[in-house]
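The values are calculated or read from the model by the stated rules, or taken from the named source; none is laboratory data. Because the structure is a prediction, the values reported are computed rather than measured. Cβ sites come from the backbone with ideal geometry, for glycine too, and all protein chains shown count toward neighbours. Keep in mind that these areas ignore ligands, DNA and RNA; they rest on the heavy atoms of the full protein, side chains included. Shrake-Rupley method; radii C 1.70, N 1.55, O 1.52, S 1.80 Å.
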Amino acid sequence: MSWIGLAAVLVSIASLLPLGFIIWIAVQTGWATASVMIFRSYVGDLLVNTMLLVALTVPICIVLAVALAWLTERTDLPGARLWAGLAVAPLAVPAFVQSYAWISLLPGLHGLGAGVLISVLAYFPFLYLPVASALRRLDPGLEDAAASLGHAPWQVFRRVVLPQLRLAILGGALLVGLHLLAEYGLFVMIRFDTFTTAIVQQFQSTFNGPAANMLAGVLVACCLVLLMLEGGLRGRERYARVGSGAAVVPRPFRLGRATIPCLLLPLIIAILSLGVPFVTLTRWLVAGGADIWRFGQIGLALGQTLVLAIGGAAFATLLAIPMAWISIRRPGALQRLLEGCNYIVGSLPGVVVALALVTITVRVALPLYQTLFTILAAYALMFLPRALISLRASIAQAPVELEQAAGSLGRSPVRVLWSVTMRLAAPGAAASMALVSLGIFNELTATQMLAPNGTRTLAMAFWALSGEIDYAGAAPYAVIMVLFSLPLTWLLYVQSRRSAGR
Amino acid sequence: MSFLTIESVCKNYGATAALTDVSLAVERGSRTAVIGPSGSGKTTLLRIIAGSETPDSGRLVLDGEVLADGAAFVPAWRRGIGIVAQDGALFPHLNIADNIGFGLPRHDAGRTARIHDLMTMVELDASLLQRRPDQLSGGQQQRVALARALAPGPRLMLLDEPFSALDTALRVSTRKAVASLLGAAGITTILVTHDQTEALSFADQVAVMRQGRLLQTGLPRDLYLHPVDAMVAEFLGDAIILSAEIKDGWALCALGHIAVEQGGRQGAARIMLRPEQIGLVPVVEGGPGKIFGKVVETDFGGSLCTAVVEVAGAGLLLTLRRPPMETPPAGTAVEITVTGTAHVLGETSPRRP
C-alpha cells in the first residue's frame, strides 16, 4: 500500500478514538453499574426531552425549507434571489447567539416550545440549502411529462418533485437532527435539558465521572439511531438522471393573486431568524455604549479564536487530504470503510469527542491534557467530514492524466499529490478550511472542556458574560462572531448555487 | 376542418422572436414532421402545442376546442396531448411499470393489464417492468417513454427529436416501429427533428422552419422536388442550383438546355436539380450539342462515393454522390446528362450567384 493509503488508514483509526472510548468505558463499567446509571428516571426525562425536540423540530424544518426553496426557486416571487440569500443567512448567527437574542427579548422564554422555535430558526438553512439546490438541478422535462399525462400542478409536485427531493431532505434532516443532539449553548440559555447539556453539567460538577460517560454513551446511541434511520430511509435507490437532453429552463410558476400571502412566509422567517438577533444586538450595543468595547479583552479573544480556527482548519484539511484522494482515485471497499469511520465520528457531538479526549489524555498522556495539540485534534476529529466534502469535489476535477504524466516524469506518488493534485485542488482546500474554521469559530462545548488554561475565545467570553446576565457586555462578542461568519456563509451560498450549475 | 389548427402564432423571449406568424393545419390521423436547424423555433412550437409555453398571440384549436387564444389558455394537464421528449424524460424514482402507469388511474382494475398491453405494443419484454429507467438502454427508454405517453390515450402525440439520442441502426428501426405503431393506433402525430431523412420518411406532411418562420408545408415528395427556395432545397437534400434563362419550357444554363415544368416564369431565374438527376458517361472525345466535363477529384466512401466534376467551359464544379461503380476515376472525361425536369425556384432569398 502506498504512503497515502497508510496515512488515510491512520487518520481513520485516530478518528475512531471517541467511539472506542465509549465502548471501552461501557465495558469497563460493566453492565450492572451501567444499567443502574442509565435506567433511571432522570435519563428517561432527558431522553423524552431530546426525542420530542428532534421529532418536532425536524418535520417543521422540512416543511419550512421545502416551502421556501420552492418559492425562491420555482415561482415568480418578487425578489427571489434576496429571499434565497436571507434563507441561508441565519447560518451566520451561532445557535447560542440566536438563543441569547430571543431570551433577552422575551426573558420568560423556556422549555420545549422555546427550544423548538429557536432550533428551527437556527437550523432550517441546513435543509434549505440542499433542497433548493436539488430543486434547481431537477429536470423540468419530467414535470412537463407529468403534466402531459394529465397531472395537475399540485399532483406533479407530490408525485414527481417531492420524491426526487427525498435524498436532499433526508440528508438535511440528518444534519439538523445531529446538530440538535450536539447543541449545548442554545438549550442552556432557555433552561431546556438535553443529553448534551446534562453531560456538560455532570462534567463541570464531577469532572471525569462515570455518570457523564454513561450519558455520553446514550447520546452516541441516539446519534447512531439517527444515522441508521437516515440510511434505512435512503435505501438503495439511485436517482440517476436518465438521458442528457438539452436542459430546458423551467418556466416559473405564476403566483398571481397568491403573491402577497406567499411573500409573508420568507418575510416572517427573515424577521424571526435575522431581525430578532439584529434588533437585540443593536439594542444591547446602544444600551452598553462605549463601555462594553473593552478592546484589550476583545482583541485577545479574537486573536485566540483566529489562532484556533485557522490552526484547526489547516490541521483538519491536512488530515483529510489522503482520505479525499483515495476516495476519488482508489474507490473500493477499504475506502468506503474508512470514509464510514470518519462520517460516524463527524456526527458525534463535540461534547463526546471532548469527553473522550479528556479521559484519554488524563489517563494515558497527561502531558497532552489541555494543550493546544489536544484541542486542535478535537477540532480535526469533529470537522473532518466538512473538510472532506469540498476537497473531494475539487480533487475529482483535477485530471488524473496530469498525475500519471507527473509520475511518468519520475515523481513519487506523495510528491505528485503535493506538487500537482493539491496545487490544482487548492480552491477546494481553501473552501474546506473556510468551512472548518467557521465551525471552530463558533464552537463552545469542546473548547470549554479542552482548551489550555487561560484560553478565552469569543464564544467562551460571550458565554461567560451572558451567563452573568451581562447581556450588553456579551453583545460585542456576538457581533464579531456574526460578522466573521457572514463571508463564509456567503461562500456556502455561492458554492451551492454553483454546484447546481448556475 | 383540420384536426389541429395553428393560426398566426407568435412567441418572443425578450427581444428575440422565437416564432413569427406560424400557421399550420394538421389532419386527423396524419403524421406531420416539423423540420429545421437548431434554433429555428421548432421545439418552441412543440412546447406551445403541448401547453408548456403560452403563445404571445395567435390561436390554437384542437378538434374544435380552443387551447390557446391570446390570453385564454388551457393548461398542459387538461389537454390530453402526449409527449415523447428527446431523452425520454422517464421518472428516475419510479420503475418501468409505474412510469408507464403514471397517467392511468391508480386504483383502476385494468391498470396492470393495460401496462402489459403497452409493453407488448412497444415490443418490450415484461421482465423489464420492475427495472429502473437507468438500467435500460437508450432505445428501450424511448420505447417506455412512448408507452407511457400512449397509456392515457392521447388525442395528439408530440415527438421531440425522440430518435436523435439513438445510434444510426437503432434510429431507423425505432423510427419505423414507432411510425407503424402510431399509424395502427390512428393517433395524429407531430414529429420535430433536424434530420431530413427522418422527416421525409416518417411524415405525410412536412413543414420546414427557419428563424421562427414556417417556410413551406406540403407532401414530402413535393417539398423535395419543388422547394420554394434554395434554403428549403438544400435543407432537404443535396441540391445543384444554377442560374438559367427560361424560355418556352426550356432552361438554358451551364448544363445546356434542360426541360422545366410547364406554365412557369420566363426570363432569368434560378433552377434546381437533384444530383441523382445527373448522369456521367465516360467518353473519348466530344460531340456537338453535348455537355462535357472532367472528373477532377473522387473520394471513396463505401456505398456512396463523391465525385467532383468540372463542367467544360463553364467554370462550374458539381459535387455528386453516387455508387462506386458509377463513379469514374479522377481525370476521366465524361459526358454530363440530365434526366427529368429542372425545378424553377421562387424569387425569394437569392443567396448564390
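Scoring B:R59 on the criteria (1) within 25 Å of the chain's Cα centre (by Cα); (2) open to solvent by less than 50 Å² (accessible area, probe 1.4 Å); (3) more than 19 Å from B:V206 (Cβ to Cβ) leaves a single failure, condition (2).
The residues on offer are B:T16, B:T20, and the sole one that is of a type in the set (S, T, Y), over 17 Å from B:T217 (Cβ atoms) and surrounded by fewer than 18 Cβ atoms within 10 Å (Cβ to Cβ) is B:T16. The number of residues in region B:135-158 that are surrounded by fewer than 22 Cβ atoms within 10 Å (Cβ to Cβ), facing chain A (nearest Cβ under 8 Å) and not in a loop (DSSP other than H, G, I, E, B) comes to 1.
Screening region B:1-106 for strands (runs of 3 or more DSSP E) wholly inside it with 3 or more residues that are within 30 Å of B:Q140 (Cβ to Cβ) and more than 10 Å from chain A (Cβ to nearest Cβ) returns the ranges B:31-35.
Please verify whether region B:109-122 includes one or more residues that are assigned to a loop (DSSP other than H, G, I, E, B) and over 17 Å from B:Q142 (Cα atoms). So far as region B:109-122 goes, yes, one or more of its residues are assigned to a loop (DSSP other than H, G, I, E, B) and over 17 Å from B:Q142 (Cα atoms). Exactly one residue among A:L138, A:L121 is open to solvent by 10 Å² or more (accessible area, probe 1.4 Å) and either more than 30 Å from A:G473 (Cα to Cα) or away from every other protein chain (no Cβ under 14 Å) (or both), and that residue is A:L138. Checking A:G467, A:G454 one by one, the residue that is closer than 27 Å to A:L180 by Cα, open to solvent by 50 Å² or more (accessible area, probe 1.4 Å) and free of Cβ contacts under 8 Å to residues at least 60 places away in the same chain is A:G467 and no other. Consider region A:175-212 and keep the residues that are in contact with an Asp or Glu (Cβ under 9 Å, 6 or more places away or on another chain) and in contact (Cβ under 8 Å) with a residue 60 or more places away in the chain. The one that is surrounded by the fewest Cβ atoms within 10 Å (Cβ to Cβ) is A:D193.
Can you name the residue in region A:344-392 that is free of Cβ contacts under 8 Å to residues at least 40 places away in the same chain and assigned to a helix (DSSP H, G or I) and is also surrounded by the fewest Cβ atoms within 10 Å (Cβ to Cβ) among such residues? This residue is A:P367. Just one of (1) at pLDDT below 90; (2) not assigned by TED's automatic domain parsing to the domain that holds B:V308 fails for B:G212. It is (1).
Per-residue answers, yes or no, for (1) under 25 Å from B:P227 (Cα atoms); (2) at pLDDT 85 or above; (3) not assigned by TED's automatic domain parsing to the domain that holds B:R322:
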position	(1), (2), (3)
B:A259	yes, yes, no
B:Q262	yes, no, no
B:A269	yes, yes, no
B:Q277	yes, yes, no
B:G293	no, yes, no
B:F300	no, yes, no
B:V308	yes, yes, no
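Restricting attention to region B:168-215, the residues that are open to solvent by 30 Å² or more (accessible area, probe 1.4 Å) and either closer than 18 Å to B:V84 by Cβ or in a strand (DSSP E or B) (or both) total 18. Annotation: of all residues in region B:230-260 being open to solvent by less than 60 Å² (accessible area, probe 1.4 Å) and part of a loop (DSSP other than H, G, I, E, B), the one that is nearest to B:G315 (Cα to Cα) is B:A254.
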